[in-house]
Each structure stands twice: as C-alpha cells, then as structure tokens.
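I have placed the structure first, in the form of structure tokens, so that the comments after it can refer back to it.
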Amino acid sequence: MRGFLDYVSGDSVPHRLNPMTKLALAFVLCAACFMTKDHMLVGGVIVCNLCLAAMAGVFDRSARVFLSLLKLAFILFVMQVFFVRQGNVLLTLPKGFYITDEGISFSLLFAMRMIAAAMPLTLMLSITRMSDLSNALVKFLHIPYKYTFVLTTAIRFIPLFSDEMIGIMEAQTARGVEFDTRSFIKKVRLLLPLCVPLLISSVRRIETGAISAELRGFNLRTRDSGYKTYGFGAIDAAAFVFCALLIYAALTV
C-alpha cells in the first residue's frame, strides 16, 4: 500500500478529465453504492473502478488496493453475518449462533459497499495533481483557499508520514526492537517509541511548511490567483452523462 496516494502522470482519457469531473465521478461512484441494494450494481461499480484504473495505467495500484480492502471486507463479512437474525436459517452453530440467507445477503452487500466506496477516491487522487484539485475547488466551488490547502496538504502528508514511520521502524529494528512479535500487549507498548519520533518530525515538517507558505504569500492568495484554466470538453460531458445514468440505475434497480 506504500505510495498508493502518489500522483501518476499520464495522457489517458481519465487524466484529461476536468478535476471537478473526476471529483464528481468519484462522488457518484461512492454514492451509487449506498443508493442501491442490488449486489450486481455494486459489483459493477467495483469493475468500473478497475476499468478506469486500467485506462489510466494504474491498474496494478488499484488491484493492490482492491486486494487489501478485500481482506478487511472478509473480516467485516464474518463479523456481520452472525448479527442478522432475519430470514431463513441456513446453518446452525453452537452456543445459539446461526446464519440466515438475509444475513449473508446483507453482510455481502455491506462488504462490497466498503470496497466500492473506497476505491474511487484512491483512483481520483492517483490521476489528479493536488494543485489542480485545490485550484478547481477554489475556482468552481468557491471554497476558501485556506480550507483546500489544509485538505490537499493533509493528503500530501499521508505518504510522507508513512515513509517516515517505515524509516523509524527500521531504525528501531536495528537497535533490537522486535516489531514482528505476536503479543498484542507488546505491540501496543511498541507504539510509544514510534509515536514520539514521528510526532517530533511531523511538528518540524509542519513548521517548515508554514514558513514556506508565508514566504510565498499564502495570506494574499484569492480565488483569482490561480493561473491555470480548466475547461469542460466532450469527455467531461460524457462522464457527467455516465454519472446521471449511474444515479438513475442506483435509484431504480
């Protein structure tokens, strides 16, 4: 999962979409999963995400995200299936537990929704520059630049903090710390030598970033300060038509 939020340059059709179109498409793909109770439609959203990733040249990254989410979805499915009591009993287990057909259907839909709702965001961030996303939010949605800067900076810091944590873990391992222990209590105790250096380095990085922003006239930036323009073309119109059809299908199926 390392680097799954980093931008991947390209000239594919998804790359050439307007940043607001990408954001709208990601939002619609997420929202459609919760508007419908049809398993096939939610599965189609997952396939659509993988197809868009293949078109953008980031299929390997999306496949890794999908497999990682699949493991979590399986755990959620197993935990959820025992708490739904409605429906016909399919399997009776000891200590009063049993599995019903509605329990399997609901748990499967719950797990699929989790996968389908998480993948569009990672795909959108993989094919959109943070600067373009920030400028588009300010220009089209009239969101104050300070808020968009906080959002994009937080997203930028996720892979940086991940790499920082890996470096700290390697340094601690070289000093004899055993992070591969199976004891849960020992793992919790090992969080302290990780959190303190990460917190210190994070504060230093944030302070350096704040000074750099001030030197570049952060407080003077307005909605018209951006020099790039983002037009809407035929592929953007086609994407919005697809969004409308997907919403219609989610509401009617």
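The table for this structure:
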quantity	calculated
From GLY176, GLY209, residue being assigned to a loop (DSSP other than H, G, I, E, B) and modelled with pLDDT under 80	GLY176
Residues that are surrounded by 12 or more Cβ atoms within 10 Å (Cβ to Cβ), among the aliphatic types (A, V, I, L, M) and modelled with pLDDT under 90, drawn from the range 212-249	ALA213
Residue match in the range 1-11 (condition: in contact with a His (Cβ under 9 Å, 6 or more places away or on another chain), within 30 Å of VAL138 (Cα to Cα) and assigned by TED's automatic domain parsing to the domain that holds PHE110)	yes
Long-range neighbours under 7 Å by Cβ, at least six apart or interchain, first residue under 18 Å from PHE140 (Cβ atoms) within the range 232-248, second in a helix (DSSP H, G or I) and basic (Lys, Arg)	ILE235/ARG16
Residues being touching an Asp or Glu at 6+ places or on another chain (Cβ under 7 Å) and either surrounded by 11 or more Cβ atoms within 10 Å (Cβ to Cβ) or not assigned by TED's automatic domain parsing to the domain that holds ASP101 (or both) - total across the range 72-90	3
Identity of the residue in the range 131-177, in contact (Cβ under 8 Å) with a residue 12 or more places away in the chain and acidic (Asp, Glu), that ends up farthest from LYS22 (Cα to Cα)	GLU164
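Here is a yes/no grid of residues against (1) touching a residue at least 40 places away in the same chain (Cβ under 8 Å); (2) within 21 Å of LEU41 (Cβ to Cβ):
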site: SER68; (1), (2): yes, no
site: GLN80; (1), (2): no, yes
site: SER105; (1), (2): yes, yes
site: MET112; (1), (2): yes, yes
site: ILE115; (1), (2): yes, yes
site: SER126; (1), (2): yes, no
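The values are calculated or read from the model by the stated rules, or taken from the named source; none is laboratory data. Computed from a predicted model, the values in this text were never measured in an experiment. No Cβ is skipped: glycine too gets one built from the backbone with ideal geometry, and neighbour counts run over all protein chains shown.
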